[in-house]
Amino acid sequence: MPPVRPGRGAKVKTENEMTGEQIRTAIIDILGDIAPDDDLSDLKDDVAFRDQLELDSMDFLDIVMELRKRYRVEVPEEDYGQLASMHSTVTYLEPKMQDVEVA
Amino acid sequence: MIAVPPDPHRIVITGIGLTAPNGNALGEYRASLLEGRSGVSPYEIRYFGKTLAGICDFDELRYQKRKAVRRGTRAGSIGIYCAQEAVADAGLDWENVDKSRVGVYVGVTEHGNVETENEVFQLKGYDYDTQFWSHHHNPRTVANNPAGEISLNMGITGPHYSIGAACAAGNAGFVQGAQMLRLGDCDLAIAGGVSESIHTFGIFASFHSQGALATHDDPTQASRPFDLDRNGIVVAEGGCLYVLERFSDAQARGASIYGELVGYAINSDASDFVLPNPERQAECMLLALQRAGLVAEQIDIVSTHATGTTSGDIQESMALRQVFGDSRKTYFNNTKSFIGHAMGAAGALELTGNLPAFRDGVCHPTINVEQLDPDCALDGLVYNEPRELKRVDYLLNNSFGMLGINSAVIIKRV
């Protein structure tokens with residue numbers, strides 16, 4: 001995974017900034033590491049991760065940690081519920097990751 | 001009122017699961033010991049660089065999902081492999097075993113160094129900012145981790161914990177299991193020892209700093225206890241866990257029995273952090289003999305602890321002469337010469353390598369003896385070639401460790 005640097009306050013989306021689809025891909029990469037036994041190829045975006053994958057609370061902490069490590073994105077504890085499904089995760093992360101530049 | 005189990009003091013081995021650098025099951029391991037096959041290979045680890053080690057190649061995914069391997073520890077994976085293999089070997093109807101009556105007692109030399117080193121290494125990439133420190137650190141490094149991973153993997157709800165006993169831990173885990181069966185704390189004990197120590201650079205660097213890490217151009221000749229040219233320890237990983245039962249239970253279910261624990265002792269040197277004490281070692285063996293109601297010359301094979309250090313091998317030889325000097329029928333061997341020093345697993349793996357002698361009557365040798373050190377030249381030392389004995393009735397297995405912990409167990413043919 002190449003490093004992705006936080007942006008410097010850019011307000012206008014450029015070609016280098018993460019789109020919703022790129023955020024989805026980033027989450028799939030993280031899930032691939034956290035749930036290596038699961039098939040992610042037909043993950044349904046509007047169904048809870050827990051209902052499709054073998055994820056427990058430690059795994060969700062892993063998602064939070066990987067977002068911090070890879071993208072320097074902070075997910076406060078009160079927002080953990082936003083990571084329930086792919087759809088809610090991307091929706092939640094889009095404004096947080098709009099300043100993340102794709103290396 | 002606590003129910004008193006019938007015949008509570010006769011404890012037998014009915015299952016064995018192991019992974020050693022030269023075998024992942026008893027048959028393969030025993031064949032390696034009889035055919036002189038070493039398990040020591042070139043090895044490299046961060047910071048320390050190139051060295052030698054005993055490395056295991058068992059299939060972690062035989063009993064674990066990839067996620068469980070990622071989340072857990074190498075010691076946990078070794079423990080799970082050994083425990084699952086031991087239960088299968090014991091011929092138990094595992095589905096119907098009351099899991100609340102199973103105890104897990106795993107000896108470890110150390111635990112947590114591997115995981116802590118890995119995590120500090122990763123944290124370096126984040127400039128030591130602890131907000132990037134893994135939430136997996138605590139469950140990976142708690143001392144009961146290897147035993148706990150076994151209980152999670154196998155649905156065992158009886159007691160589980162680790163026994164920290166330096167390099168005497170393999171024997172200590174075994175003894176703990178036997179004691180808990182005798183107390184009626186469990187009906188089946190999964191007991192022995194594991195080691196993941198080759199994955200910490202610290203153990204290599206520390207032995208090196210102590211002048212006690214083996215080097216040799218040929219890795220298979222690096223571990224050479226009792227040889228004049230020995231120059232230290234080869235660190236190994238591995239594991240060996242037993243299914244232990246009361247004899248009456250084993251007999252009732254028609255189990256195959258590898259041997260019976262008839263005596264054991266654990267004592268302390270109280271003299272030095274690292275240097276052994278032959279007087280206390282001898283006292284430990286004598287206490288085990290006394291508890292077994294045996295005299296030295298009734299022991300057919302002594303599985304020595306000798307690690308290949310200059311002084312340690314001589315001191316154990318002194319202790320052995322003191323205890324067995326008058327015995328004409330006791331033979332001595334050493335298994336570290338094949339696999340290196342498997343630390344927390346050493347005692348259990350070394351005992352297990354000898355258990356088939358009850359059936360085949362053969363004492364496997366200590367290998368790599370080109371020039372026998374006169375100070376280690378015990379009369380009954382079996383070196384380089386196996387020796388056929390007429391009959392083997394009793395084994396004594398020595399395991400000693402740092403901070404001056406000594407252990408000896410005596411197993412009887414059943």
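The values are calculated or read from the model by the stated rules, or taken from the named source; none is laboratory data. All values reported here derive from a predicted model rather than from experimental measurement. Here the Cβ is made from the backbone with ideal geometry for all residues, glycine too, and neighbour counts use every protein chain on show. These area figures cover heavy atoms from the full protein model, side chains too; ligands, DNA and RNA do not enter into them. Shrake-Rupley method; radii C 1.70, N 1.55, O 1.52, S 1.80 Å.
Observations on the model:
- Count of residues meeting criterion [away from every other protein chain (no Cβ under 14 Å) and either open to solvent by less than 20 Å² (accessible area, probe 1.4 Å) or out of contact with any strand residue (DSSP E or B) (no Cβ under 9 Å at 6 or more places or on another chain) (or both)] in segment A:59-101: 18
- Taking segment A:1-93 and the helices (runs of 4 or more DSSP H) fully enclosed by it, the elements with 2 or more residues that are of a type in the set (D, E, K, R), within 27 Å of B:GLU60 (Cβ to Cβ) and at pLDDT 95 or above are at A:20-34, A:57-71.
- Checking B:VAL414, B:VAL302 one by one, the residue that is outside any helix (DSSP H, G or I), touching a residue at least 24 places away in the same chain (Cβ under 8 Å) and open to solvent by less than 10 Å² (accessible area, probe 1.4 Å) is B:VAL302 and no other.
- Enumeration of residues in segment B:183-211 that are open to solvent by 10 Å² or more (accessible area, probe 1.4 Å) and aliphatic (A, V, I, L, M): B:LEU183, B:LEU188, B:ILE203, B:ALA205
- Any hit, segment B:246-257, residues being closer than 20 Å to B:ALA346 by Cα and open to solvent by less than 30 Å² (accessible area, probe 1.4 Å): no
- Selection of first residues in segment A:40-66 that are in contact (Cβ under 8 Å) with a residue 40 or more places away in the chain and of second residues that are β-branched (Val, Ile, Thr), restricted to Cβ pairs under 8 Å at least 6 apart or on distinct chains, gives the following pairs, ordered by first then second residue: A:LEU43/A:ILE28; A:ASP45/A:VAL90.
- Among the residues of segment B:163-215, those identified as out of contact with any helix residue (DSSP H, G or I) (no Cβ under 7 Å at 6 or more places or on another chain), at positive phi and in contact (Cβ under 8 Å) with a residue 24 or more places away in the chain are B:ALA166, B:GLY184.
- In segment B:267-282, the condition of being among the aliphatic types (A, V, I, L, M) and assigned by TED's automatic domain parsing to the domain that holds B:LEU52 is met by no residue.
- Selection over segment B:103-149 of residues that are among the acidic types (Asp, Glu), exposed (fewer than 13 other Cβ atoms within 10 Å of the Cβ) and more than 12 Å from chain A (Cβ to nearest Cβ) gives a count of 1.
- Looking across segment B:150-182, the residues that are open to solvent by 40 Å² or more (accessible area, probe 1.4 Å) and more than 23 Å from B:ARG246 (Cα to Cα) come down to B:LEU152, B:ASN153, B:GLY164.
- Some residue of segment B:214-225 being at pLDDT 95 or above and touching a His at 6+ places or on another chain (Cβ under 7 Å): yes
- Qualifying residue in segment B:325-332 (condition: out of contact with any Gly (no Cβ under 7 Å at 6 or more places or on another chain), under 15 Å from B:PHE226 (Cα atoms), modelled with pLDDT of 95 or more and of a type outside the set (Asp, Glu)): no
- Residues that are crowded, with 18+ Cβ neighbours inside 10 Å and within 14 Å of chain B (Cβ to nearest Cβ) within segment A:24-48 comprise A:ILE30, A:LEU31, A:ILE34, A:ALA35, A:ASP38, listed in sequence order.
- Check on B:TYR63, touching a residue at least 40 places away in the same chain (Cβ under 8 Å), of a type in the set (Phe, Trp, Tyr) and within 14 Å of another protein chain (Cβ to nearest Cβ): yes
- In summary, strands (runs of 3 or more DSSP E) completely within segment B:1-80 and bearing 1 or more residues that are open to solvent by 80 Å² or more (accessible area, probe 1.4 Å) and either at pLDDT below 95 or in contact with a Pro (Cβ under 8 Å, 6 or more places away or on another chain) (or both) occur at B:40-45, B:49-54.
- Entry remark, segment B:202-239: residues being under 30 Å from B:TRP94 (Cβ atoms) and in a strand (DSSP E or B) number 3 in total.
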